[in-house]
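Enquirer: Mind looking over this structure? Questions follow.
The values are calculated or read from the model by the stated rules, or taken from the named source; none is laboratory data. Please read these numbers as outputs of a predicted model, since none were measured by experiment. Quick reminder, even Gly has a Cβ in these numbers, built from the backbone with ideal geometry, and neighbours come from all protein chains shown. Note: areas computed on protein heavy atoms with side chains; ligands, DNA, RNA excluded. Shrake-Rupley method; radii C 1.70, N 1.55, O 1.52, S 1.80 Å.
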Amino acid sequence: MEGEIKNLSRVFAAVIGALCYCRLVSARLPKGKWRLISISPALYAFAILPLYISSAFITAVTVFFITWLASFKLLLFAFDHGPLASEPPKSPLSFVAVAALPFKINAAAAAAAKKTKKLPLYLATEIPISAVLISILCDYKEFMHPFLLLVAYCCLVFLLIEILVESSSKLVRAAAGVELEPASDEPYLAASLREFWGRRWNLTVNNILRDAVFRPVRAAAAAVAGRRTAAMVGVMAAFVVSGLMHELLFWYVSRAAPSWEMTMFFVVHGVCVVAEFGIKAALGEKKLPVLPWFVTGPATVGFVIATSYWLFFPPLMRSGSDVRVIQEFRFAGEFLVGKIKEIWLHSCKKFS
């Protein structure tokens, strides 16, 4: 435990150092080739830092926050785009926070943060629900029906992303007094795959892929194809890149040879989203009967769960990464509870 904490502190220090270098040195260079070359040491550091962490969950978080999101933000910054580019330039503290944490500060963030949810899922409810799910998976996983197990995994992934992003957002809100974009917008209410992926699920990744992949690819494709075709090519490219980054994240956690099932999961969803765009464009002014949400909603979520069962979770389960993560959570929970009890007993003895 102490060795892992030391490794984490070194990784944390390396990330801050690399980002400070990018803000204080790279930002002074003209955008384009020279700034891109100057940030390459930081990109290299972000690629190797997860290899120094042994915890499966912390490795996954580091890859998600740093190797993926922070690297993409720096690539955009090299060309004076994305959340790190601003006029006047961000302070070093703001630069590091925006680069390293999965949030986005925008004008609509305050309204989004205060939006009333259909289901009361906030940190106060998400954390205990996650704890119960983890306890059930630890004790009864081998007795659970495969479908129920898959639903539990889908819920846990959603809750963990929500907790991670909301926790980091609350820390920044307390330190800087700004409202931040939420992790997602109740994806279980999506009435189509376009809505699920485009406006509800994992808004942080959605924004980065839009800026770093969709828009450049659409602009390049527009030179040889129409706007509609270029947009579809951009959408497909964003899904492919997302699939490859998930494949890379899984490799860091398991060190197993890629099976490309995760990539295929996102390719399948990309094809379906493009098909939705195509159908809507082909219909033009013609309108199909609008189906109620109680039909389209469960169908959308059901398709996501079914394809997750087919392509997304099998490589995780074959490698045992799911078991490692769940056991780490239980160990961390027991360690935390033990420390709280120890502090409480010490306080009682002190004042008795």
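Enquirer: In segment 223-248, what residues are farther than 22 Å from E261 by Cα and in a helix (DSSP H, G or I)?
Expert: Answer for segment 223-248, where residues must be farther than 22 Å from E261 by Cα and in a helix (DSSP H, G or I): R227, R228, T229, A230, A231, M232.
Enquirer: Still on this model: Among the residues of segment 77-90 satisfying the criterion of being surrounded by fewer than 19 Cβ atoms within 10 Å (Cβ to Cβ) and within 22 Å of A45 (Cα to Cα), which is modelled with the lowest pLDDT?
Expert: A85
Enquirer: Can you tell which of F214, F143 is surrounded by fewer than 13 Cβ atoms within 10 Å (Cβ to Cβ), aromatic (F, W, Y) and at pLDDT 85 or above?
Expert: That would be F143, the only listed residue that is surrounded by fewer than 13 Cβ atoms within 10 Å (Cβ to Cβ), aromatic (F, W, Y) and at pLDDT 85 or above.
Enquirer: Here is a further query. So which residues in segment 223-266 are within 24 Å of N207 (Cα to Cα) and small (G, A, S), if there are any at all?
Expert: A223, G226, A230, A231, G234, A237, A238, S242, G243
Enquirer: Same structure, new question: Please verify whether segment 335-351 includes one or more residues that are small (G, A, S) and modelled with pLDDT of 75 or more.
Expert: No: zero hits.
Enquirer: Any residue in segment 33-54 that is in contact (Cβ under 8 Å) with a residue 40 or more places away in the chain, over 30 Å from F335 (Cβ atoms) and open to solvent by 30 Å² or more (accessible area, probe 1.4 Å)?
Expert: Taking every residue of segment 33-54 in turn, at least one turns out to be in contact (Cβ under 8 Å) with a residue 40 or more places away in the chain, over 30 Å from F335 (Cβ atoms) and open to solvent by 30 Å² or more (accessible area, probe 1.4 Å).
Enquirer: Based on what the data block shows, is I58 β-branched (V, I, T), touching a residue at least 24 places away in the same chain (Cβ under 8 Å) and open to solvent by less than 30 Å² (accessible area, probe 1.4 Å)?
Expert: Here the answer is no, as I58 does not meet what is asked.
One line per residue, one yes/no per condition, for (1) closer than 21 Å to C272 by Cα; (2) modelled with pLDDT of 90 or more; (3) part of a helix (DSSP H, G or I):
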| position | (1), (2), (3) |
| --- | --- |
| A131 | no, no, yes |
| D139 | no, no, yes |
| L164 | no, no, yes |
| S169 | no, no, yes |
| E179 | no, no, no |
| F196 | yes, yes, yes |
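Enquirer: May I pose another question? Give the residue that is nearest to P298 (Cα to Cα), with candidates limited to residues of segment 198-208 that are open to solvent by 20 Å² or more (accessible area, probe 1.4 Å) and either small (G, A, S) or in a helix (DSSP H, G or I) (or both).
Expert: Per the stated criteria, the residue is R200.
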